[in-house]
Amino acid sequence: MREGDIINGLVRGLAVIECFDEEHARLSITDVAERTGLERATARRCLLTLVHLGYASYDGKFFQLTPRVLSLGHTYLSAMPLPRLVQPFLEELARETKESTSAAMLDGTDILYIARASTRRVMSINLAPGARLPAYCTSMGRTLLAALPTAEARAILDHSDLVAYTDHTKADIPGITTELAVIAAQGFAVIDQELELGLGSIAVPLYNASGKIVAAINIGAQTARASTSHMIANFLPLMRKVQSELRPILR
């Protein structure tokens, strides 16, 4: 390979990306210059270019890579299991909102947790990958049920043990069916103390590159900290961003 065949700007840009790691997740311009051997001005231009393209964020002092960097490895990532793909996005979402985030898939009448980034414990039960909750009264469950053909969703509800966990729980099929129609139309689900008093959550579906819903993600929070209106106004835009960033790399 001839030297003239090498694009030095690309070499420098990739060096800047690669200098971030688990122990150096937030770096200043000086840090990046030292770790890459680049001139400070060159490191600055590379970092600001990454911010402009959405591959990094900047708080005025430190730079940090965003989950969009994962799209650079689309072909490789497409062969990765869904939980491993989703996890860094959940962790970023948890950092931004300072609330716990999760991903789940529909499994029979339940949702099955496949990934989670927990900033604090919001429920009386411990949630972790592998945990199950009823689909009919959870935000992720309703999001996934709303994506199904009406007859299929109704069959799942018919086989569900519809328990009213609180005075707020929608535990009747007509009420849940109406709620599913609303969710399908608006593209997100909100739960207000239906599973446990004092707990709310908001969920959106995750689409793959073909437009098929493969899972859902949510943010759960104590209602004293985050009302449903607060979640819709402040959390939903961030979740939409994750939804958009993941879509090209999900199968």
Practice item. Pick out, from 28, 81, 210, the residue whose Cα sits farthest towards the positive end of the charge dipole of the chain, with +1 on the Cβ of Lys and Arg and -1 on the Cβ of Asp and Glu. Key: 28
Check your understanding: For the stretch 79-175, with equal point scatterers placed on the C-alpha atoms only and solvent neglected, what are the log10 I(q)/I(0) values from the Debye formula at q = 0.12, 0.13, 0.20 1/Å, to two decimals?
Key -> -0.44, -0.51, -1.04
**Study point:** Calculated [θ] (222 nm, deg cm²/dmol) that DSSP helices of n ≥ 4 give over the chain, each run adding -39,500 (n - 2.57)
**Key:** -11500 deg cm²/dmol
Exercise for review: In nm, give the distance between the simple-model label positions of residue 48 and residue 132, each being 7 Å from the Cα along the Cα-to-Cβ direction.
Suggested key: 5.5 nm
Practice item. At 18 Å minimum axial length over the Cα atoms and a Kyte-Doolittle cut of 0.0, report the qualifying DSSP H helices in the chain, or say none. Key: 40-53, 173-186
Point to revise | Listed residue pairs exceeding 25 Å between alpha carbons, taken from 170/212; 98/241; 61/98 | key: 170/212
Review point. log₁₀ I(q)/I(0) of the chain at q = 0.08, 0.17 Å⁻¹, via Debye over equal Cα point scatterers, no solvent, to two decimals?
Key: -0.37, -1.22
Point to revise | Estimated FRET transfer efficiency when R0 is 35 angstrom, pair residue 229-residue 41 (beta carbons, to 0.05) | key: 0.15
Check your understanding: Magnitude of the Cβ-charge dipole of the stretch 132-251, K/R +1 and D/E -1, about the Cα centre, nearest 20 debye?
Key -> 600 debye
Exercise for review: Could you compute the FRET efficiency for residue 158 and residue 197, with r as their C-beta to C-beta distance and R0 at 30 Å, rounded to 0.05?
Suggested key: 0.65
Check your understanding: How far is it, in nm, from the label point at residue 151 to the one at residue 8 when both lie 7 Å from their Cα along the line to the Cβ?
Key -> 6.7 nm
Point to revise | Cleavage-rule hits, trypsin sites (Lys or Arg not before Pro), the stretch 104-186, DSSP coil, Cβ neighbours within 10 Å at most 12 | key: 120, 121
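The numbers here are math on the coordinates, done by the rules we state, and not lab data. Quick caveat: nothing in here was measured; it's all calculated off a predicted structure. Heads up, the Cβs are rebuilt from the backbone with ideal geometry, glycines too, and the neighbour counts pull from every protein chain shown.
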